[in-house]
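J.: Take this structure, written in structure tokens, and hold onto it; I'll ask about it next.
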Amino acid sequence: MLWMALAIVAAILWSIGSIFEKHIITYELRDIRLDTVITKTTIVALFIAVALIFGTIGPFNVYLVLGGIVTAIGSYFLFYSLKKEEASRVIPLAMIGPLFVIILAFLFLNETFTIIEYSAMLAIVAGSIIISLEKAKKKLIFAHALIFAVIAAILFAVRDVFFKFGVSDIFSSIFWFAIGALLVHAIVFIWHHPHIIKKARKGVRHLIIIGFVNGVAFLLYLIAVSTGPVSIVSSLATLEAVFVFILATTLSFFHSKIIVEKLDRTDMIIKISGILLIIAGVVGIVL
């Protein structure tokens, strides 16, 4: 199934983007507003360009615009959490969105699945939460900054349902989706532009590149959402957590100047346990 492959490819590209976003907002540009405006505006520009080149601008659709708005707001919460915590903890928690998507899709889209499929999706959510736990003073704690990742996950779940409601032709649909996101980023830029421009330097170029990568991933994901069951597509996207874990761990070992993650035994056991649950859940969905 094409939509399934697109969701997995999107997860791979998003994981690459997340790792380098973490590096940029930690070491190059430490202003969340600047980081988010640049990255997400790049995505918006890509969406509008694709819509104009390959499609037509369809009639105004409130669901698509609202989807873009909640996505933009969610990205600020996610970037804040990503700046404060390890990428391999933040991204999995931001992936609990499928839990909310399942509820919303059942209520508003009439999507229903088998017990096995529901169990698989819940396994993915459980794995995401486990990865986000951290050992401190012989206790497992949930860092306060990760609450922002949960808020982002809820907003992204609402986005998926809004997009599923409003999508017709994918290329004309992403235009209004992009306009919704652009409204939020434009307000942030206008409100904070002296501060943003003052801080702009080399990291801007890197963020534009990452924004393009994330934009391609997002486009593939939205195509998958428009053609497949939104609950399953959002669940497959949680594979990003697996790829982030692999990349973050590898880079911490061999290129710690890019990203540094905790690699002690307890943390690794916690993260691997969560990853295995996510993988088991994805396998349950695919099979």
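The values are calculated or read from the model by the stated rules, or taken from the named source; none is laboratory data. As the structure is a prediction and not an experimental result, all values here were calculated from the model. Here the Cβ is made from the backbone with ideal geometry for all residues, glycine too, and neighbour counts use every protein chain on show.
J.: Across the range 218-252, which residue is farthest from ALA94 (Cα to Cα) among those that are of a type in the set (S, T, N, Q) and part of a helix (DSSP H, G or I)?
T.: Ranking the qualifying residues of the range 218-252, first place goes to THR227.
J.: Could you please find all residues in the range 229-256 being without any contact (Cβ under 8 Å) to a residue 24 or more places away in the chain and of a type in the set (S, T, N, Q)?
T.: THR250, SER252, SER256
J.: Okay, moving on. From the set of residues in the range 117-147 that are touching a Lys or Arg at 6+ places or on another chain (Cβ under 6 Å) and either of a type in the set (A, V, I, L, M, F, W, C) or modelled with pLDDT of 75 or more (or both), which is surrounded by the most Cβ atoms within 10 Å (Cβ to Cβ)?
T.: ILE131
J.: If we scan the range 253-275, do we find a residue that is within 25 Å of ILE154 (Cβ to Cβ), outside any helix (DSSP H, G or I), hydroxyl-bearing (Ser, Thr, Tyr) and touching a helix residue (DSSP H, G or I) at 6+ places or on another chain (Cβ under 8 Å)?
T.: No - not one qualifying residue is present in the range 253-275.
Residue by residue, here is whether (1) under 21 Å from ASP160 (Cα atoms); (2) part of a helix (DSSP H, G or I) holds:
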site: GLU21; (1), (2): no, yes
site: THR26; (1), (2): no, yes
site: THR36; (1), (2): yes, yes
site: LYS40; (1), (2): yes, yes
site: ILE43; (1), (2): yes, yes
site: LEU52; (1), (2): no, yes
site: ILE57; (1), (2): yes, no
site: GLY68; (1), (2): yes, yes
site: LEU78; (1), (2): yes, yes
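J.: Assess whether ILE232 counts as being surrounded by 23 or more Cβ atoms within 10 Å (Cβ to Cβ) and of a type in the set (A, V, I, L, M).
T.: Criteria met by ILE232.
J.: Please enumerate the residues belonging to the range 208-246 that are modelled with pLDDT under 85 and closer than 15 Å to TRP14 by Cβ.
T.: Residues satisfying the conditions are SER234, SER235, LEU236, ALA237, THR238, LEU239, GLU240, ALA241, VAL242, VAL244, PHE245, ILE246.
J.: Only one of these is of a type in the set (Val, Ile, Thr) and touching an Asp or Glu at 6+ places or on another chain (Cβ under 7 Å): VAL283, VAL225, VAL204, VAL216. Name it.
T.: The conditions single out VAL225.
J.: Another question, then. Kindly establish whether ILE278 is part of a helix (DSSP H, G or I), over 20 Å from the mean Cα position of the chain (by Cα), farther than 25 Å from ILE38 by Cβ and modelled with pLDDT of 80 or more.
T.: No.
J.: Right, next: Scan the range 148-201 for residues that are among the charged types (D, E, K, R), modelled with pLDDT under 90 and within 24 Å of ILE96 (Cα to Cα) and jot them down.
T.: Answer for the range 148-201, where residues must be among the charged types (D, E, K, R), modelled with pLDDT under 90 and within 24 Å of ILE96 (Cα to Cα): ASP160, LYS164.
J.: Please determine, by comparing only the residues of the range 101-116 that are at pLDDT below 80 and crowded, with 16+ Cβ neighbours inside 10 Å, which one is farthest from VAL167 (Cα to Cα).
T.: PHE113
J.: Within the range 53-74, does at least one residue satisfy the condition of being touching a Lys or Arg at 6+ places or on another chain (Cβ under 8 Å), surrounded by 22 or more Cβ atoms within 10 Å (Cβ to Cβ) and at pLDDT below 80?
T.: There is no residue in the range 53-74 that is touching a Lys or Arg at 6+ places or on another chain (Cβ under 8 Å), surrounded by 22 or more Cβ atoms within 10 Å (Cβ to Cβ) and at pLDDT below 80.
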